[in-house]
1. What are the pairs, 6+ residues apart or on separate chains, where a residue within segment 179-193 that is not hydroxyl-bearing (Ser, Thr, Tyr) has its Cβ under 7 Å from a residue that is not in a helix (DSSP H, G or I)?
2. Just name the residue that is modelled with the lowest pLDDT out of those in segment 205-253 that are buried (at least 17 other Cβ atoms within 10 Å of the Cβ) and aromatic (Phe, Trp, Tyr).
3. Return the pair list, or none, for Cβ contacts closer than 6 Å from residues in segment 256-273 that are closer than 16 Å to Ala78 by Cα to residues that are exposed (fewer than 13 other Cβ atoms within 10 Å of the Cβ) and modelled with pLDDT of 70 or more, at least 6 apart or on different chains.
4. Would you confirm, using the coordinates I've provided, whether Leu37 is part of a helix (DSSP H, G or I), at pLDDT below 80 and either charged (D, E, K, R) or touching a Leu at 6+ places or on another chain (Cβ under 8 Å) (or both)?
5. Would you point out which residue out of Gly154, Gly158, Gly140 is without any contact (Cβ under 8 Å) to a residue 60 or more places away in the chain and buried (at least 20 other Cβ atoms within 10 Å of the Cβ)?
6. On the given criteria, is Phe184 in contact with a Cys (Cβ under 9 Å, 6 or more places away or on another chain), closer than 21 Å to Leu220 by Cβ and crowded, with 18+ Cβ neighbours inside 10 Å?
7. Considering only residues that are in contact with a Phe, Trp or Tyr (Cβ under 9 Å, 6 or more places away or on another chain), of a type in the set (Gly, Ala, Ser) and assigned to a loop (DSSP other than H, G, I, E, B), which ones fall in segment 137-170?
8. Quick check: anything in segment 126-133 exposed (fewer than 14 other Cβ atoms within 10 Å of the Cβ), more than 23 Å from Ser15 (Cα to Cα), of a type in the set (A, V, I, L, M, F, W, C) and within 18 Å of the chain's Cα centre (by Cα)?
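The values are calculated or read from the model by the stated rules, or taken from the named source; none is laboratory data. Every value quoted in this text rests on a predicted model; they were computed, and no experiment measured them. Glycine gets a Cβ as well: all are built from the backbone with ideal geometry, and neighbour counts include every protein chain shown.
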Amino acid sequence: MADETTRARPAIELSLRSVAVLSAASVAGLIMLLWPLFFAPAEDQQRVDQPFIFIVLLPVVVLVVLAEISQGGMDSKALAMLGVLTAINAALRPIGAGTAGIEMVFFMLILGGRVFGPGFGFVLGCTSLFASALLTAGVGPWLPFQMLCSAWIGMFAGFLPKRVTGKAEIAMLVAYGIVAAYAFGLIMNFTSWPFTLGIAIPGETDGLSMVPGDPPLENLQRFLVFTALTSLWGWDTGRAITNTVMILLLGPAVLATLRRAARRARYLPAETSGNEDETRDEPAH
């Protein structure tokens, strides 16, 4: 059996309790995001206000998860790498500032989660969006939702198959980056949909607005039409193109650099065989 110092391990170890807390927080976050599909007002309720309780609860949920993940599972090397990548992402995000979907922060989340594991990817997503929001004056009620969605992007990147290497790995990461771009836009639209168009009165809907108490599938259909008309072909597609270009151009070099740092920190073996979690240090042709 290989010695502990020669085996790959994530930068942030996830205990069973951490996995349970992370899973519960993700479910809670989805409920807070998807509430427009399932909300049914009381018979005597005349209006539907924005659920500000979610805006208060979600940061608490995120903080609990971060505390649980970091407790005993993050050493000084992981903390230093987290600080470096967070600073890079915070500096990258103002470039384009999301104009036409040009978001340069996501490709580093994907590569960081890929190399350092799902726990690290989750924390990196939270810290990157929080730090960049402070720099770009982007702090608002949407920020906790952005942090959670970005954390999911980094986390699921860490769960991608480890044995895929070389050009096949870059292709896999490009495909994941495209899916993540559209998923981020789709999920984040739930935070604005009920209030961008207003909430319709049952029987007087315009075909796009949320109708409280309607079947979830009918509200979902309205939401998908709203997304297609607002963000799908602009912001979301622009984000997908940005992820694709950044991963194709910089992915091989950035992965090689991150893996070199991971080996020095003993998160990866000093020498790896061809079928280990490794992208060769040569650029894709």
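1. Correct list of pairs: Trp193/Met210.
2. Per the criteria, the residue is Trp235.
3. none
4. no
5. Gly154
6. Yes: the conditions hold for Phe184.
7. Gly158
8. no
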